[in-house]
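K.L.:
Have a look at the structure that comes next, please.
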Amino acid sequence: MRLGFIGTGNITTAIVTGLCTCDPPAAATIWVSPRNKDKADALAARWSAVQVGDTNQAVVDRADMVFLAILPQQKEEILTNLHFRKEHVIIHLLAGTQVEEIRPLVKPADRIVRAIPLPCTAIHAGPVVVYPDRGEAVSQVCDLFNRLGTVITQAKEDHLETLAVITSLMAPYYALVEAVTAWGTAQGIDRKDVAAYTASMFGALSQIAESEAQGDIRSLVTESMTPGGLNELAMAVIDGHGGFSHILTAMDAVKRKQ
């Protein structure tokens, strides 16, 4: 399978890194766009499977599966100048862009799979949302992404859009870890130790939440609070300052912007 990436930004870098660190590597040849030359050259220098195309069209010509990893506002400018083949599988990564908006720009290719990979694909972790949820091309894409994380397919594109909103919480999550780390450091503990402890604790708690078969996270909240204990006190203080309603407000704002 020959892979091509139109757009060489952070997500492309993460996916390519993940693909090249699979054992065995997930693709024999990966062609990347020359648009971001520094990142493209860095990937080619690091991984023998990666080649930098002279042009975007050269990438398309050499690929069986083409990743669209450009900014949404660039889609007409870039894609209308490219010539795709009927047999291409198109993996569309553009935020807030429906499949039907992409279809006329990549014809005659008509096998389009939309996906939301995260930066953690570089370390073979985290979710990758894929739409639609069936079809030969979807199976090929899922096989690829299953090597980089946990694939979650959706039958409805608007459900994929909803899950995409949740990705806006990456920066707030890191800000939470940083706030806790700064507090621990102020108590005299080495910053590296506090950060490692905090991240490890949240990582373990996330594994427990992920394993909850019915997604009943509320029960985990209750189970974590011993009456009169530390978690009950922390929860009471947080609830007294508005709880997590501001998180929901932020997610609503992101959804409106999509």
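Computed from the coordinates by the stated procedures, all read-outs in this text should not be read as laboratory data. Note that the structure is a prediction, hence the values are computed from the model and not measured. Counting neighbours? That spans all protein chains shown, and the Cβs are built from the backbone with ideal geometry, glycine included.
K.L.:
Using the structure shown, list the pairs from LYS107/LYS156; LYS37/LYS255; LYS156/LYS257; LYS86/LYS257; LYS156/LYS255 with a Cα-Cα distance above 26 Å, or answer none. Mind showing how you got there, number by number?
P.N.:
Values: LYS107/LYS156 22 Å; LYS37/LYS255 33 Å; LYS156/LYS257 20 Å; LYS86/LYS257 33 Å; LYS156/LYS255 16 Å.
Over 26 Å apart, Cα to Cα: LYS37/LYS255; LYS86/LYS257.
K.L.:
Sticking with this one: Taking the simple approach of a point 7 Å from Cα along Cα-to-Cβ for both MET251 and ALA236, what is their distance in nm?
P.N.:
The two pseudo-label positions are separated by 2.7 nm.
K.L.:
Taking the number of other C-beta atoms within 10 Å as the exposure measure, put HIS92, HIS246, HIS241 in order starting with the fewest.
P.N.:
Result, fewest neighbours first: HIS241, HIS246, HIS92.
K.L.:
Distance between Cα centroids, region 186-218 to region 1-65: provide it in whole Å.
P.N.:
Rounded to whole Å, the Cα centres lie 34 Å apart.
K.L.:
Mean Kyte-Doolittle hydropathy of 0.5 or higher plus an axial Cα length of 18 Å or more: which whole DSSP H helices in the chain meet both?
P.N.:
170-186
K.L.:
Next question, about the same structure. What share of the DSSP beta bridges in the chain is antiparallel, in percent to the nearest 5?
P.N.:
On the way: 3 of 26 bridges.
For the chain, the DSSP antiparallel bridge percentage is about 10.
K.L.:
Given just the C-alpha atoms of region 135-258, how large is their convex hull per residue in cubic angstrom? Intermediate results must be reported in sequence, preceding the final value.
P.N.:
On the way: hull volume 19.1 nm³, N = 124.
Hull volume over Cα atoms, normalised by residue count, gives 154 Å³.
K.L.:
Next up: Where does the chain land at 222 nm, in deg cm²/dmol rounded to the nearest 500, when only DSSP H runs of n ≥ 4 count, each adding -39500 (n - 2.57), divided by all residues?
P.N.:
Values: 12 runs with 129 residues, N = 258.
Value at 222 nm, helices only: -15000 deg cm²/dmol.
K.L.:
For ARG2, which sequence-distant residues (separation of 5 or more, or a different chain) have an amide H within less than 5 Å of its own amide H, given hydrogens modelled in the peptide plane?
P.N.:
Close amide H contacts, sequence-distant or interchain: ASP64, MET65.
K.L.:
Let me know the shape class of region 20-160, please: from the alpha-carbon gyration tensor, a ≥ b ≥ c as square roots of the eigenvalues, rounded when a/c is under 1.5, otherwise prolate if a/b is greater than b/c, or oblate. Please list the in-between numbers first.
P.N.:
Numbers: a/c = 1.57, a/b = 1.07, b/c = 1.48.
It is oblate, given that a/c is not under 1.5 and a/b is not larger than b/c.
K.L.:
Could I have the simple spin-label model distance between GLU77 and SER48, label points 7 Å from Cα toward Cβ, reported in nm to one decimal?
P.N.:
About 3.8 nm, to one decimal.
K.L.:
Please arrange TRP31, TRP183, TRP47 by counting, for each residue, the other beta carbons lying within 10 Å of its beta carbon, fewest first. Working shown, then result.
P.N.:
On the way: TRP31 26, TRP183 12, TRP47 17.
Ascending number of Cβ neighbours within 10 Å: TRP183, TRP47, TRP31.
K.L.:
Cβ under 12 Å from GLN98's Cβ, GLN98 left aside: what net charge do those residues give with Lys, Arg +1 and Asp, Glu -1? The partial results should precede the final answer.
P.N.:
Details: positive: LYS75, ARG103, ARG114, LYS156; negative: GLU100, GLU101, GLU157, ASP158, GLU161.
Here the charged neighbours net out to -1.
K.L.:
Which peptide among 145-154, 194-203, 113-122, 158-167 comes first, and what is the full order, when sorted by highest mean count of other Cβ atoms within 10 Å? Walk me through the intermediate numbers first.
P.N.:
Numbers: 145-154: 18.6, 194-203: 14.1, 113-122: 21.2, 158-167: 15.9.
Top of the packing list down: 113-122, 145-154, 158-167, 194-203.
K.L.:
Quick one: if you stick a label point 7 Å off each Cα along the C-beta vector at THR226 and TYR174, how many nm between them?
P.N.:
3.5 nm
K.L.:
Using a Gaussian network for the chain with springs between C-alpha atoms less than 10 Å apart, which of these wobbles most: THR55, THR222, THR97?
P.N.:
In the Gaussian network model the winner is THR222.
K.L.:
If amide hydrogens are placed 1.01 Å from N in the peptide plane, which non-local residues have theirs closer than 5 Å to the one on GLY126?
P.N.:
Under 5 Å from the amide H of GLY126: THR150.
K.L.:
Another question, if that's okay. Treat every Asp and Glu Cβ in the chain as -1 and every Lys and Arg Cβ as +1, leave all other atoms uncharged, and give the resulting dipole magnitude about the Cα centre to the nearest 20 debye. Write down the numbers at each step before the final one.
P.N.:
Numbers: 22 positive and 28 negative charges, 149 e Å.
Dipole of the chain, to the nearest 20 debye: 720 debye.
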